[in-house]
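Colleague: Take this structure, written in structure tokens, and hold onto it; I'll ask about it next.
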Amino acid sequence: MRIGMILDKTFPPDPRVENEAISLIENGHEVFLFCLKYSEIQPDEVLNGIQVKRYKSNRLIYKLSALAYTIPLYTLIMSKKIHRFLIANKVEVIHVHDIQIAEAVFKANKSTNLKVVLDLHENRPEIMKFYPHLKSFFGKVLISLKRWKQKEEEFIEKATTLIVVTEESKNEIVNRVGKPSKDIVVVPNTVHKNYYNEAVIKQEILEKYKDNFVLLYIGDTGLRRGLQTAIESIPVLKETIKNLKLVIVGSNSSDTILKEQVKELNIQNFVDFEGWQNENLLPSYILASSICISPLHRNLHHDTTYANKLSQYMSIGKPLLVSNVIAQVNLIEKAKSGLIHREQDSEDFTVKILQLYTDKKLRENLGSNGAQFITEEFCWEKTSKKLIDLYANLNL
């Protein structure tokens, strides 16, 4: 098929979009990717077989996208571009990533009447509750989360097929919207085998932490990710684990709060803020760690999704400690790859870390279980099969 993927931002990077497109191309399809550009000097090109078609945008249009379901201007502008894209590339089926641009897609598709696969990377209306700009006065006045929720449900019903990242998300949508289960496909975010089989290890990172017992966190460090829980546990943990080091690889605008907490607790020597690092360095940080953590706060979004970091952690064979957020609990229990702590409970976090610290055999077993789980059923080569089957059975 000639698949037209729709993305409302620049490309690359977007690992999920790229992984899906490459897998479809490898299975005989042609993938044309509609994406945006903010410079005239960004030409169309072919990347890993993906025929990337870039359409001009600007800062005003970018700002209008946040108001997509307040005023129709963004939808009107984008629908015209998308219609041209569909016609020019003789697209046979549309694959739209997330809901921000979905209304523009359905508007553009009125004359072509193509089947639409809606790929929900996350529960956007739920996660928007935590966006800083939506907590401001103007954000609250101009952006209606209720409206976004209504639109999400409308698009879910309109889509021929829905793709979500977890079974928990699928079940939530079936119960809330009534979309038939047979029309929802689960395609998790997982790592390729070469992520762990062909990782180039940076010896400087291993050397830096060779004398430490490292608790590692990778990813966005927004407060809902739960790092305050981990930081709060350090003053107690360091009394038993003398060589303890909490290593945080990632950042967020709220890092000033985390750093102030570290300073107030006087634990600067036990916490490293590494900031964002090149993707290629992440396996080295994981290999240098003793325990990998994901202390997320509970909310509907977190309960129905899980971060790619869990796959990354497990693929390198490390034991995990994660909060009792439903989706990640189900994943970790299935893989038998870690322990669970109560969310936002630093005392329980501390108890579980000490349990892992004092039982090396447990750490090794959990790490081994996780690595085996990734290899046998939770790498991209395995989980992408449902995506391939979806298109194999999608009758035009």
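The values are calculated or read from the model by the stated rules, or taken from the named source; none is laboratory data. The model shown is predicted, which means the values in this text are computed figures rather than measured ones. Quick reminder, even Gly has a Cβ in these numbers, built from the backbone with ideal geometry, and neighbours come from all protein chains shown. Areas reflect the complete protein model, heavy atoms only, side chains present, ligands, DNA and RNA absent. Shrake-Rupley method; radii C 1.70, N 1.55, O 1.52, S 1.80 Å.
Colleague: Consider region 75-89. How many of its residues are within 12 Å of ILE6 (Cα to Cα) and either charged (D, E, K, R) or open to solvent by 30 Å² or more (accessible area, probe 1.4 Å) (or both)?
Modeller: Residues in region 75-89 being within 12 Å of ILE6 (Cα to Cα) and either charged (D, E, K, R) or open to solvent by 30 Å² or more (accessible area, probe 1.4 Å) (or both): 2 in total.
Colleague: Scan region 39-58 for residues that are touching a strand residue (DSSP E or B) at 6+ places or on another chain (Cβ under 8 Å) and either under 24 Å from ASN308 (Cα atoms) or open to solvent by 30 Å² or more (accessible area, probe 1.4 Å) (or both) and jot them down.
Modeller: Listed by number, the residues that qualify are GLU40, GLN42, PRO43, ASP44, GLU45, VAL46, GLY49, ILE50, GLN51, LYS53, TYR55, LYS56.
Colleague: Can I ask one more? What are the residue pairs meeting all of these: first residue in region 203-231, first residue within 14 Å of GLY250 (Cβ to Cβ) and of a type in the set (S, T, N, Q), second residue assigned to a strand (DSSP E or B) and open to solvent by less than 20 Å² (accessible area, probe 1.4 Å), Cβ atoms under 8 Å, and 6 or more apart or on different chains?
Modeller: THR221/ILE248
Colleague: Could you please find all residues in region 111-125 being at pLDDT below 90 and farther than 17 Å from GLU154 by Cβ?
Modeller: Selection gives GLU122 alone.
Colleague: Something else about it: Which condition number does PRO13 fail, the rest of (1) outside any helix (DSSP H, G or I); (2) without any contact (Cβ under 8 Å) to a residue 40 or more places away in the chain; (3) closer than 27 Å to GLN150 by Cα being met?
Modeller: (3)
Colleague: Quick one: which strands (runs of 3 or more DSSP E) lie wholly within region 185-302 and hold at least 3 residues that are open to solvent by less than 40 Å² (accessible area, probe 1.4 Å)?
Modeller: Of the strands (runs of 3 or more DSSP E) lying wholly inside region 185-302, those with at least 3 residues that are open to solvent by less than 40 Å² (accessible area, probe 1.4 Å) span 213-218, 244-249, 291-294.
Colleague: Any idea how many residues of region 330-370 are open to solvent by 20 Å² or more (accessible area, probe 1.4 Å), without any contact (Cβ under 8 Å) to a residue 60 or more places away in the chain, assigned to a helix (DSSP H, G or I) and among the aliphatic types (A, V, I, L, M)?
Modeller: Summing the residues that are open to solvent by 20 Å² or more (accessible area, probe 1.4 Å), without any contact (Cβ under 8 Å) to a residue 60 or more places away in the chain, assigned to a helix (DSSP H, G or I) and among the aliphatic types (A, V, I, L, M) in region 330-370 gives 2.
Colleague: Which residues, counting only those in region 174-184, are loosely packed, with under 14 Cβ neighbours inside 10 Å, on the phi < 0 side of the Ramachandran plot and assigned to a loop (DSSP other than H, G, I, E, B)?
Modeller: If the condition is that a residue be loosely packed, with under 14 Cβ neighbours inside 10 Å, on the phi < 0 side of the Ramachandran plot and assigned to a loop (DSSP other than H, G, I, E, B), then PRO180 is the only one that fits.
Colleague: Still on this structure: If I go through region 135-165 residue by residue, how many of them are outside any loop (DSSP other than H, G, I, E, B) and open to solvent by less than 20 Å² (accessible area, probe 1.4 Å)?
Modeller: Qualifying residue count, region 135-165: 10.
Colleague: Kindly list the number of the only condition in (1) of a type outside the set (D, E, K, R); (2) under 20 Å from ARG363 (Cα atoms); (3) more than 17 Å from the chain's Cα centre (by Cα) that fails for TYR313.
Modeller: So the condition that TYR313 fails would be (3).
Colleague: Another question about this same structure. Scan region 42-73 residue by residue and report those that are among the β-branched types (Val, Ile, Thr) and under 25 Å from PRO15 (Cβ atoms).
Modeller: Correct list: VAL46, ILE50, VAL52, ILE61.
Colleague: In addition: What number of residues in region 303-325 are over 27 Å from PRO12 (Cβ atoms), open to solvent by less than 10 Å² (accessible area, probe 1.4 Å) and in contact with a Cys (Cβ under 8 Å, 6 or more places away or on another chain)?
Modeller: 3
Colleague: Considering only region 123-134, how many residues are surrounded by fewer than 17 Cβ atoms within 10 Å (Cβ to Cβ) and farther than 18 Å from LEU64 by Cβ?
Modeller: 4
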